[in-house]
Amino acid sequence: MKDPKLPKRSLKNHSPVDPARTVRKPPAPKPRDKHPRTEVPSPSRQASVPPASGVAAWSNLPSALDATLPDSTPISGEELSPKEKFLNWLKPTRWQFWVILTVLLPGGVGGLALAMLLRLPALPNCPSIFWPTASASLRLYCAELAANKQTVKDLLEAIELVNALPEDHPLRPQINQLIEQWASDILDLGDKVFHQGKLQEAISIARQVPAQTSAASLVTERIDRWQAVWKKAEGLYREAEDFLRKEEWNQAFRTATFLLSVGNNYWETTKYQELTEAIKTAREDGEKLYQARRLVEQGGVDNLVEAIALVEKIGPNSYVYKKAQDEIRKIGRQMLALAEEELEQRRNSSAAINIARRIPASAKLAEEAQDLIILAEAYADAWQGKVASLEAAIIRAQKVTVKRPLYGKAQRLIARWQREIEDIAHLEKAQTLARGGSIDALSNAVAEASLIPVSNPRYEEAQDSINEWQRQIETLEDSPYLNRAEALAIAGDLGSLQAAIAEASRVGRGRALYSEAQQRVGQWQRQVETMQDRPYLDSAQQWALIGDAVSLQAAIDEASRIGPGRALYDEAQNRISEWRSRLQRMQDRPTLDGARDLAARGDLQGAISLAERIGSGRALSNDAADDLQRWRSQIRAEENLQEARRLAGGATPEALAAAIRTADRVPNFSPLRNEADLAISQWSQQILSLAQQQATFDVAGAIEIARRIPENTASYGAARAQIEAWQRMLMPSPTPRTFP
């Protein structure tokens, strides 16, 4: 049986049960002091009155007043003050005292009774209760108090309090109902925590749901759902982050929008807002990165420095921060490469130092830049090419210690400059020997400089000197050949020139004077060829002066004896072309004249057949081609005019229109054009006449016939006027208006 003293309660809104409401008596309320005690200042009497309550306080009032009031006996001849008079009334021996007491006593008693009626009984102190002896109603009361706090700990304590009662207890049905409700509340608290973004805490809460409750069957499904939602949300978040790192902003934002429907308030609000802000920031940072890359593409130290300054604005929390840092280091490396280029290719140490000093600290290349500055200063010393300057360069390079990034490069330079110091003596000795200027001195200089190995940094310089001295040796050796050849060529006869050529040809290929010798040989060879071939060309000209076909052919044959590459070859070919053109004209003129005669007599086909015998590339081939084109056009004009007349014989509008189109194909330059125009005018007039005849019984048909007259004919204007008149005839007459 349910305890009638315990009303049914819910978790959210119920009143706690007071197990002592019918057995505990309320304590008596404290009376109000309607007349607060007023202390009268007195230097001689300071007494304290202990507190009292109820009737006892009133019974002690006279003695208290006696103890606190000053002596009110007036001094002879003195007037009492109003306060002293009032205090004198309060003495028990005065009647005023009893009047006041009679008035105040009933009111005090009534107030005390009312306070006792209105005072609630004291509530039990649940934390201090000894539970083994506590009643069921007290357990239920304290359990509900704990459950109302709506925390997991308190809900579990509430369940533990009431669940300790036996199964056959009369309150068990109500207890079981409350336990189910509180277990469901625990699961709801887990769901609330889950939506606050605390997955593990939510799972921990859900797993505390008592196993004997129906809510326990929902725990596994609820946890699985939470974990699935969380896993999906985390996957979307990571996917969006991956897109941000790839600088695919639109894809990142599109993925972020999927969080809005993931099924968790924390991911749909807090994390979504966090992600969209990250996308916005990443997009702005990506634009900075893009602008920096554009500056890098433009090249130049200033652009590289500006690009680094732009990328430095990207903070460490940005998704493109790693790319930004990589870009900064990459740009810094490019600046180092530019500085090295100034050193290696342009030998400009000051420019290299300036570039290295402008590399920002964010590139994290401070040590490399400092090492490069040291090496650039060392380069500047080494470029002077002296032993002392090379030693100074080595001392500078030795400042790059073993733990420095450019230590390897410094060591290679030191080894190189040490070899230069070792071999510079060979080069200086060779230069001293070469100043002698003789073949022996130059040969000794070449031998001395050849001692410098390929691996030596001065090897190229030594080779340049060797090549120069070798050219001087070759010049000294070959100058006698060239001088003797020039002396021989002065005579100018065929034998002397051939001897000069033979002497100059002794200068071998690749020698210092080879180009000069070949130039002289070519000049003398042209003189020799001119002497040898001039008789052929003179003889050919003599034959050509005769002027007949046989003589011209003989001249061509004689001039053709001068072969390609000879000195007079171009002149001979020009003469041959001239004589061949004259010969072809003599050969083809009768043929072309005969064809023109046939054409003049009207035999165009015969003229064409005869003119086609003149082959292409001959002197009169262009004239023949022009005549052939004109004659063929004339034949087509005659054929078109004949066809037009044949068509016009049909005398129908269609036939006449076709005849006009065919006749109009006769070219304007053709002699038959006037005849064709006359026929076209006649046929267009015939079409107009046919249209006028048709109009007597078929105006619409007449219009169609008249429209066949071409625009460029004499009858076209009359036809258009006639068509307009016929069209007006076909227009309906306006209906006269009738008035009522």
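Brief remarks on what is shown
- Of the residues GLU180, GLU221, GLU239, the single one that is out of contact with any Ser or Thr (no Cβ under 8 Å at 6 or more places or on another chain) and assigned to a helix (DSSP H, G or I) is GLU221.
- Under the condition of being among the charged types (D, E, K, R) and part of a loop (DSSP other than H, G, I, E, B), the residues counted in region 563-605 number 3.
- Just one of the listed residues (ALA485, ALA540) is more than 30 Å from SER438 (Cα to Cα), touching an Asp or Glu at 6+ places or on another chain (Cβ under 6 Å) and among the aliphatic types (A, V, I, L, M), and it is ALA540.
- For ILE452, the conditions (1) touching a residue at least 24 places away in the same chain (Cβ under 8 Å); (2) out of contact with any Asp or Glu (no Cβ under 7 Å at 6 or more places or on another chain); (3) not in a helix (DSSP H, G or I) all hold with the exception of (2).
- Every residue from region 211-233 that is in contact with an Asp or Glu (Cβ under 9 Å, 6 or more places away or on another chain), modelled with pLDDT under 90 and surrounded by 13 or more Cβ atoms within 10 Å (Cβ to Cβ): THR213, ALA215, ARG222
- Once region 247-262 is narrowed to residues that are within 18 Å of GLN196 (Cβ to Cβ) and surrounded by 15 or more Cβ atoms within 10 Å (Cβ to Cβ), the residue that is nearest to the chain's Cα centre (by Cα) is LEU259.
- Note on region 457-502: residues that are free of Cβ contacts under 8 Å to residues at least 40 places away in the same chain and outside any helix (DSSP H, G or I) amount to 5.
- Taken together, the residues in region 277-294 that are among the hydroxyl-bearing types (Ser, Thr, Tyr) and surrounded by fewer than 17 Cβ atoms within 10 Å (Cβ to Cβ) amount to 1.
- Considering residues of region 398-439 that are polar (S, T, N, Q) and either at pLDDT 90 or above or not in a loop (DSSP other than H, G, I, E, B) (or both) only, the residue farthest from TYR459 (Cα to Cα): THR401
- Reported count of residues in region 647-702, each being part of a loop (DSSP other than H, G, I, E, B) and surrounded by 14 or more Cβ atoms within 10 Å (Cβ to Cβ), is 7.
- Cβ-Cβ distances below 6 Å connect the following pairs, each with a first residue in region 346-372 that is within 17 Å of ALA382 (Cβ to Cβ), a second residue that is small (Gly, Ala, Ser) and at pLDDT 90 or above, and a separation of six or more residues or different chains: SER349/ALA376; SER349/ALA380; ALA352/ALA339; ALA352/ALA376; ILE353/ALA376; LEU372/ALA339; LEU372/ALA356.
The values are calculated or read from the model by the stated rules, or taken from the named source; none is laboratory data. Please read all numbers here as calculations on a predicted model, not as lab measurements. Note: ideal-geometry Cβ built from the backbone for every residue, glycine included; neighbour counts use all protein chains shown.
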